[in-house]
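Enquirer: Encoded as structure tokens, here's the structure I'll be asking about.
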Amino acid sequence: MIELRLLGTKCNIGCQYCYQNPLRDSGNGNSTYDLEKVFRMLDDTGEPFILWGGEPLLLNIIDLEKVLSFGFERFGENNLLTNGILITEKHFDLFKKYNVNIGLSIDGPDELNDVRWAGTVERTREYTRIANENLVKLLQSDIATGLNFQITKCNSSPERISRMFDWLSSLDQLGLTTARIHVLEVDYSEKLKNHAFSTEENIVAFRQYKHFEKQLNNVRFDLFDNMRSQLLALEQPEDCVWSACDSYTTEAVSGIDGQGRKNNCGNTDKEGINFQKPRKQGYERYLALYHVPDKYGGCQNCRFFLQCKGQCPGTAKDGDWRNKSENCALFKVLFEEIEQEIVSEGITPISLHPNRKFWEKKLLDQWANGKNPPLYSLINN
């Protein structure tokens, strides 16, 4: 899916952990837009798009309707990611009229959302209240809505996590079905280290979320579902972090800016440069990770390599895309636990299958030839 960034990284708040901050700090984050150029590029790609930011609802309501009308005519639906603060009744009308699927990013109620900073404590709390009210309205309006949130000390510390679970339970009762949870990234701010868990603390917190999910009627945390799908070699999950993405072409994610230019996933723009998208992908990172020992930042002999592939280059150790993810230890524990659940069901996961080494070699050969087949295709063909 295309990330349509008409306003670049322009936003109405200043989340301390936002991966787009290097672009903002370098002055490369904002853009003007020309809808005719954008629509021509979208027609050329022929792919559905998601309105992205920054905050896409900073777009004026007239041009927003033009974009949503375009998407509805071609694809029968639209997708939009927002922090939920700027939604008005006019937006609700457009969401219904043009079949908009909403992803709302918020880390919890009240002070649990304070890392999504808006300049002052008072303004941050007020914006949090508005976003939560709009989230409830979206669910009550039967507008397809998913939730995105970060795991932080602010919302998942031992003294606060039960309140987070109460909040999620209330959303579950309103019909929320999908929630995407993220590990907090601390690349850009020393302040964030006060909000980020250690690896050991993250393991505890994510295990709690995994256990808590079983108490919910509707909500699924797609991280755990995606990891299970990978261990069973089912169809490629929507979460792109398991897809062996080249950090210089980011084939898993294409962006289109306000001038109709293609660019890469912002999560790899660590230098604050919005690189234009090359035509040819390379898989050197993954060929190298397979052979490099763990102590040097690689994945050698890891039985979860087919599933994980070193995870997203945007989360690589030391900000160096050649390394595996800085969250390797967390994901390995989660993979191990899900692996054992699958074994207890009488099924052999790919990680324990006798053909694993054969499949690994098959995938390496594909990468060496510039191809990147999804895991289910590699296993089943």
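Enquirer: Pairs please, first residue from region 295-309 and charged (D, E, K, R), second anywhere and at pLDDT 95 or above and not in a helix (DSSP H, G or I), Cβ atoms under 8 Å, 6+ apart in sequence or on different chains.
Expert: Listed by first residue and then by second, the contacts come to K309/C299.
Enquirer: Right, something else. If I ask for residues that are of a type in the set (V, I, T) and within 30 Å of D114 (Cα to Cα), which ones from region 62-93 would you list?
Expert: T82, I85, I87, T88
Enquirer: Filter region 345-362 down to the residues that are over 25 Å from the mean Cα position of the chain (by Cα) and of a type in the set (V, I, T), then identify the one that is farthest from L287 (Cα to Cα).
Expert: For region 345-362, the residue satisfying everything is I347.
Enquirer: Now, a different point. Output the number of the condition that E47 fails; it satisfies all remaining conditions of (1) under 26 Å from T178 (Cα atoms); (2) modelled with pLDDT under 95; (3) buried (at least 17 other Cβ atoms within 10 Å of the Cβ); (4) among the charged types (D, E, K, R).
Expert: Only one criterion is unmet by E47, namely (3).
Enquirer: For region 140-149, does any single residue satisfy the condition of being in contact (Cβ under 8 Å) with a residue 12 or more places away in the chain, in contact with a His (Cβ under 9 Å, 6 or more places away or on another chain) and buried (at least 20 other Cβ atoms within 10 Å of the Cβ)?
Expert: Checking region 140-149: at least one residue is in contact (Cβ under 8 Å) with a residue 12 or more places away in the chain, in contact with a His (Cβ under 9 Å, 6 or more places away or on another chain) and buried (at least 20 other Cβ atoms within 10 Å of the Cβ).
Enquirer: Please name all residue pairs, on different chains or six or more residues apart, with Cβ atoms under 6 Å, provided the first residue is in region 195-215 and is in contact (Cβ under 8 Å) with a residue 40 or more places away in the chain and the second residue is open to solvent by less than 20 Å² (accessible area, probe 1.4 Å) and of a type outside the set (A, V, I, L, M, F, W, C).
Expert: H195/T152; A205/S156
Enquirer: Looking at L135, L94, L139 in this structure, which one is within 29 Å of P48 (Cα to Cα), within 20 Å of the chain's Cα centre (by Cα) and not acidic (D, E)?
Expert: L135
Enquirer: Additional query: State whether the residues of region 153-176 include one that is crowded, with 16+ Cβ neighbours inside 10 Å, of a type in the set (G, A, S) and either touching a strand residue (DSSP E or B) at 6+ places or on another chain (Cβ under 7 Å) or within 22 Å of C11 (Cα to Cα) (or both).
Expert: no
Enquirer: Just a yes or no: is a residue in region 355-367 basic (K, R) and in contact (Cβ under 8 Å) with a residue 12 or more places away in the chain?
Expert: Within region 355-367 (the criterion being basic (K, R) and in contact (Cβ under 8 Å) with a residue 12 or more places away in the chain), the answer is yes, since at least one residue qualifies.
Enquirer: Would you check which residues across region 131-155 are aliphatic (A, V, I, L, M) and within 13 Å of D107 (Cα to Cα) and list them?
Expert: A131, L135, L147, I151, listed by residue number.
For (1) in a loop (DSSP other than H, G, I, E, B); (2) closer than 26 Å to L184 by Cα; (3) within 24 Å of the chain's Cα centre (by Cα), each residue gets a yes or a no:
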{"position": "R285", "(1), (2), (3)": "no, yes, yes"}
{"position": "K332", "(1), (2), (3)": "no, yes, yes"}
{"position": "I338", "(1), (2), (3)": "no, yes, yes"}
{"position": "V343", "(1), (2), (3)": "no, no, no"}
{"position": "L364", "(1), (2), (3)": "no, no, no"}
{"position": "G370", "(1), (2), (3)": "yes, no, no"}
{"position": "S377", "(1), (2), (3)": "no, no, yes"}
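Enquirer: Can you find, within region 114-139, the residue that is farthest from G14 (Cα to Cα) among those that are open to solvent by 80 Å² or more (accessible area, probe 1.4 Å) and free of Cβ contacts under 8 Å to residues at least 40 places away in the same chain?
Expert: It comes out as E133.
Enquirer: Here's another thing I want to ask about it. Tell me, which residue of region 310-323 that is open to solvent by 10 Å² or more (accessible area, probe 1.4 Å) and in a loop (DSSP other than H, G, I, E, B) is nearest to M227 (Cα to Cα)?
Expert: Q311
Enquirer: On the given criteria, is K357 among the basic types (K, R) and in contact with a Lys or Arg (Cβ under 9 Å, 6 or more places away or on another chain)?
Expert: Criteria not met by K357.
Enquirer: Mind listing whichever residues of region 56-71 are farther than 17 Å from N101 by Cβ and within 22 Å of the chain's Cα centre (by Cα)?
Expert: Residue satisfying the conditions is L58 alone.
Enquirer: Could we say that S157 is out of contact with any Pro (no Cβ under 7 Å at 6 or more places or on another chain) and over 19 Å from P56 (Cβ atoms) here?
Expert: Considered against the rule, which asks whether it is out of contact with any Pro (no Cβ under 7 Å at 6 or more places or on another chain) and over 19 Å from P56 (Cβ atoms), S157 comes out as yes.
Enquirer: What's the total number of residues in region 91-113 that are of a type in the set (D, E), in contact (Cβ under 8 Å) with a residue 12 or more places away in the chain and surrounded by fewer than 19 Cβ atoms within 10 Å (Cβ to Cβ)?
Expert: Number of matching residues: 2.
Enquirer: Another question about this same structure. Restrict the check to region 262-282 and report whether at least one residue is part of a loop (DSSP other than H, G, I, E, B), in contact with a Phe, Trp or Tyr (Cβ under 6 Å, 6 or more places away or on another chain) and modelled with pLDDT of 90 or more.
Expert: Within region 262-282 (the criterion being part of a loop (DSSP other than H, G, I, E, B), in contact with a Phe, Trp or Tyr (Cβ under 6 Å, 6 or more places away or on another chain) and modelled with pLDDT of 90 or more), the answer is no, since none of the residues qualifies.
Enquirer: Against the definition (part of a loop (DSSP other than H, G, I, E, B), modelled with pLDDT under 95, within 21 Å of G346 (Cα to Cα) and not aromatic (F, W, Y)), how does A233 come out, yes or no?
Expert: Yes, satisfied.
The values are calculated or read from the model by the stated rules, or taken from the named source; none is laboratory data. Keep in mind that what you see is a predicted model, and the values were worked out from it rather than measured. Don't worry about glycine lacking a Cβ; one is built from the backbone with ideal geometry, like all the others, and counts go over all protein chains shown. Areas reflect the complete protein model, heavy atoms only, side chains present, ligands, DNA and RNA absent. Shrake-Rupley method; radii C 1.70, N 1.55, O 1.52, S 1.80 Å.
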